[in-house]
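A short write-up of the structure that comes next.
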Amino acid sequence: MVCHCSDCQVLSGSPFRHVVPADTQHFVLTGNPTVYVKVADSGNRRVQAFCPACGTPIYSSATESPTWVSIRLGCVSQRAALKPSAQIWCHSALPWLSELSSVPGSPEQQAISAALPAPEPLASARKAA
Ligand SMILES: [Zn+2]
């Protein structure tokens, strides 16, 4: 499932977050993640678990007696096979997302950086100059 909510955009550092819901009866985690409890505007509290060594998001869940977890797709080795089947919070989806397939791409970073135009200063940087 893809979530376009603004919390997921901020917490993932990406245009959207892709999660894999899993029943806690089938979820086993070895190690001790770092946990942050996010309080949404609605007052809902969600556990956000990260790898304490590298910061990779691992899962989120209810704070008390969770029956399911949202595994973060990025930490799943089979992620290429886990095509989303639903999207939520589409009203806050970034407006350019549907145009992404038409943006020129490259298989590696070197080639794309050479193809990019010179960056323009941000509006705030221009005012300060
Ligand atoms: Zn979300």
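Listing for the model above:
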item	result
Residues of region 69-89 satisfying the condition of being part of a helix (DSSP H, G or I) and among the hydrophobic types (A, V, I, L, M, F, W, C)	Leu73, Cys75, Ala80, Ala81
Condition check for Ser42: of a type in the set (Gly, Ala, Ser), assigned to a loop (DSSP other than H, G, I, E, B) and within 12 Å of the ligand (Cβ to nearest atom)	yes
Single match in Ser101, Ser106 (criterion: in a loop (DSSP other than H, G, I, E, B), out of contact with any Gly (no Cβ under 8 Å at 6 or more places or on another chain) and modelled with pLDDT under 95)	Ser106
Whichever residue in region 20-52 is charged (D, E, K, R) and farther than 20 Å from Leu82 by Cα and, among such residues, is surrounded by the fewest Cβ atoms within 10 Å (Cβ to Cβ)	Asp41
Qualifying residue in region 7-19 (condition: buried (at least 17 other Cβ atoms within 10 Å of the Cβ), within 13 Å of the ligand (Cβ to nearest atom), polar (S, T, N, Q) and part of a strand (DSSP E or B))	no
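The values are calculated or read from the model by the stated rules, or taken from the named source; none is laboratory data. Because the structure is a prediction, the values reported are computed rather than measured. In this analysis, Cβ positions are derived from the backbone assuming ideal geometry, glycine residues included, and neighbour counts consider all displayed protein chains.
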